[in-house]
Amino acid sequence: MTNPLIDPFARAISYLRVSVTDRCDFRCVYCMSENMTFLPKKELLTLEELDRMCSAFVRLGVKKLRITGGEPLVRRDIMTFFRSMSRHLETGDLHELTLTTNGSQLEKYADDLFAAGVRRINVSLDTLDEDKFAKITRWGRLPQVMRGIDAAQKAGLRVKINTVALQDFNEDELEALTDWCASRDLDLTFIEVMPMGDLGNEDRLGQYWSLKDLRARIAERSPLIDLPESTGGPARYVRVESTGQKIGFITPLSHNFCESCNRVRITCTGEIYTCLGQEGHSDLRGPLRASESDADLEDAIRAAIALKPKGHDFDYSRQQIDGQVSRHMSHTGG
Ligand code: SAM
Ligand code: SF4
C-alpha cells in the first residue's frame, strides 16, 4: 500500500481539482477579460496525460476528483476522459467523480456524465434574468443553461447551483434565486468574489458583497441552523428552518478554512497549485513527460505536497486588494 499524501501541517490530501482546459464559451466579467489569449494546444496535457496524472493521485489516496476549467465540457472528447476515470469508481479507489460547469453543454452531455458514474455536479449561475445573464457572462445565454439544468436533473444528476455574490448585480435577486432553487430541488451555494487575474477595468472592491450581509438577509426570512458538515474547503452550510433548504457559503476572504484544507489543484498545463491563494506552484508535466513510468511523477507530487503552504493571504480589510494573485481562475480551475 502506497503512503498517502500528508502535507507538513498534517493535512491529508484527498481532494484533487483538475482544470482540463483554459478555454471557455463564456467570458464572465469576474473571471476572464473579453479578449483572452489562450494557451497553445501543445501546452495542454493530453487526455492520456490527464488520465495518468489523475490515476497517480488516486493511487496516492485522492478520493474525490473534480473536473473544472475553463469550461470542462468544451474540451474535445472530454467524455473519453470521464469514461476512463470511471474505472477508479468501479474499484472503489475513487469515491466521487464530479465537475463544475457553466451548464452550456449539459443538454448534450448529461446522460453520458451519469453513465460515467458522475452523480453530483455544480452549475454556475449568477442570475435568473436573461439580460443580466448575458451581461455578466458576456457570451452566455440563459435559456441554453436552463435546458442544461433540466437535462442534468432528468439524467439523475444532483445539481448544486454556485452563485457569485456581486453587489449591485444580483443583490436584488437573493430571495428569487433562493426560492427558485428550493422549488427546483437544487442545492445552492453563494461564493464571495475573489481577487483573481488582471481583468482590466473591473472594480473588484465595488463587486465585493460580503456573505455575512447576504446571510443576514436570508436570516430575516427564516432562522438558519448551522450545519456541522465540513468539506475540508471554504464552504459552510446552513439549513433554512422554515423550508429545510440547505444553503452553502464559500467565504475564502472572510473566514479561515485553511487548517482543514484537504485539496490541491492541477492546471491544464500540469502545474500543481497547493493553495488557491498563493502563487507557489510546481511543474508536474515535466516529470510526467520525462518517463513512461510514473515514479518521477509520484516523486514530484510528493515534493509539491511537502511545500503546501499553511494558508492564503487574501485580505480586503485594508481596502486594497492584498494577496491578489495574478493568474486567472480559469487557469487554476475554480
Ligand atoms: N466554467 C466552469 C464554471 O463556470 O462553473 C468551471 C470553471 S469556473 C472558473 C469555476 C467557478 O469559479 C465558477 O463557479 C465561477 O463562478 C467561479 N469564479 C470565477 N472567477 C471567480 C472569482 N474571481 N471569484 C469567485 N469565484 C469565481
Ligand atoms: Fe468560463 Fe466559468 Fe470563467 Fe465563466 S466562470 S468565464 S463560465 S470559466
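The values are calculated or read from the model by the stated rules, or taken from the named source; none is laboratory data. Keep in mind that what you see is a predicted model, and the values were worked out from it rather than measured. A quick note on method: Cβ atoms are made from the backbone with ideal geometry, for glycine too, and the neighbour counts reach across all protein chains shown. Accessible surface is based on the protein model in full, side chains and every heavy atom, while ligands, DNA and RNA are left aside. Shrake-Rupley method; radii C 1.70, N 1.55, O 1.52, S 1.80 Å.
Observations
- Cα-centre dipole for region 15-332 with unit charges at Cβ (Lys and Arg positive, Asp and Glu negative), debye to 20: 620
- Computed lengthening from Thr2 to Ser242, 0.36 nm per intervening residue step minus Cα-Cα distance: 81.6 nm
- Portion, in percent, of the accessible area of region 15-332 that falls on carbon or sulfur, probe 1.4 Å: 48
- In degrees, nearest ten, helix 142-155 long axis to first principal axis of the chain (Cα): 60
- Near-label residues of region 1-32 by backbone N, under 15 Å of a point 7 Å along Cα→Cβ of Arg302: 1-8, 13
- Ligands, DNA and RNA excluded, the heavy atoms of Ser124 present near 40 Å² of accessible surface to a 1.4 Å solvent probe.
- Degrees, to the nearest 10: 78-91 long Cα axis against longest axis of the chain: 80
- With only Cα atoms counted, the chain has Rg and Dmax values of 19.2, 59 Å.
- In the chain, taking the dipole from charged Cβ atoms about the Cα centre, the farthest positive-side position among Leu50, Leu276, Thr178 is held by Leu50.
- Once backbone amide H atoms are built at 1.01 Å from N, Leu188 has Ile161, Gly248 as its partners under 5 Å, excluding neighbours fewer than 5 places away on the same chain.
- Mean ellipticity per residue at 222 nm, deg cm²/dmol - from DSSP H runs of n ≥ 4 across the chain, formula -39500 (n - 2.57): -9000 deg cm²/dmol
- Average projection, convex hull of the Cα set of region 1-133: 10.1 square nanometres.
- Put simply, the amide H of Cys268, placed in the peptide plane, has neighbours under 5 Å in Ser19, leaving out anything fewer than 5 places away on its chain.
- Using a probe of 1.4 Å, the accessible surface attributed to His312 totals some 40 Å² when neighbouring protein chains are kept in position.
- Principal-axis tilt of helix 211-221 within the chain, Cα atoms, nearest 10 degrees: 50
- Summarising the label geometry, the points placed 7 Å from Cα in the beta-carbon direction at Glu229 and Asp179 lie 2.6 nm from one another.
- Antiparallel DSSP beta bridges within the chain, as percent of all bridges there, nearest 5: 35
- 3J(HN,Hα) couplings calculated from phi for region 275-290 with the Karplus curve 6.51 cos²θ - 1.76 cosθ + 1.60 (θ = phi - 60°) are, in sequence order, 8, 4, x, 10, 7, x, 7, 10, 8, 10, 5, x, x, 5, 7, 5 Hz; Gly and Pro show x.
- Partnerless cysteines, meaning none of the other Cys C-beta atoms lie under 4.7 Å away, in the chain: Cys24, Cys54, Cys181, Cys258, Cys261, Cys268, Cys275
- Surface accessible to a 1.4 Å probe, per residue, for the residues of the chain, Å²: 44
- Cross-link partners for Lys64 among the lysines, with Cα-Cα distance under 30 Å and sequence neighbours closer than 8 places in the same chain left out: Lys41, Lys42, Lys108, Lys154, Lys160, Lys212, Lys246, Lys308, Lys310.
- Given +1 at the Cβ of Lys and Arg, -1 at the Cβ of Asp and Glu and no other charges, the dipole of region 13-118 around its Cα centre is 240 debye to the nearest 20.
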